[in-house]
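Trainee: Structure provided below as structure tokens; questions to follow.
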Amino acid sequence: MNLESMYQEIILDHYKNPHGRGLRDPYDGESFQVNPTCGDEVTLRVRLDGDTVSDVSYEGQGCSISQASTSVLTDLVVGHTVDEAMTKMDAFVELMQGRGRVEPDEDVLDDGIAFAGVAKYPARVKCALLGWMAFKDALGRTNGSASSNSVTSNGAETR
């Protein structure tokens, strides 16, 4: 099995068996994001215990890339400090915006490296980033710093 096939299997596995799916209470911040280009959407909740991400849950609909990426996000950030989670997010965003020229760090991104091939397709990058933008926005809402309606850096509308 070649690397690209293995990455496709990881994405399909997270799509078919999503981690973190199903909105849970209690939560400290929530964000709804939609990709106006394709209609993918996600509502994501984050729960903090001090400065540690103790839970991430979500509901959404959309393509396998958007839903699998959000599943991977939950695995990568739960149990880590907010700073560590943001470092992982920065690495994922860099990978997605690298147009296939960024070498992913498996130690940081784990299953997130499966999305390296997605970065070659700009129309799909927004799909892969949807859950991550919801996570960032939900974190911002934990301390009331985010507005109730805004537009994320990837062009997705938020409520």
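The values are calculated or read from the model by the stated rules, or taken from the named source; none is laboratory data. Since the model is a prediction, treat every value here as computed from it, not as a measurement. In this analysis, Cβ positions are derived from the backbone assuming ideal geometry, glycine residues included, and neighbour counts consider all displayed protein chains.
Trainee: Given the conditions (1) β-branched (Val, Ile, Thr); (2) over 14 Å from LEU130 (Cβ atoms); (3) modelled with pLDDT of 95 or more, and given that VAL102 satisfies all but one, which numbered condition is not satisfied?
Mentor: Of everything listed in (1) β-branched (Val, Ile, Thr); (2) over 14 Å from LEU130 (Cβ atoms); (3) modelled with pLDDT of 95 or more, VAL102 misses just condition (3).
Trainee: Give segment 29-52 a look and list any residue that's at pLDDT 95 or above, surrounded by fewer than 19 Cβ atoms within 10 Å (Cβ to Cβ) and small (Gly, Ala, Ser), or say none.
Mentor: GLY50
Trainee: Still on this structure: Can you tell me which residue in segment 5-26 is nearest to THR70 (Cα to Cα), limited to those that are among the small types (Gly, Ala, Ser) and assigned to a loop (DSSP other than H, G, I, E, B)?
Mentor: Out of the qualifying residues, it is GLY20.
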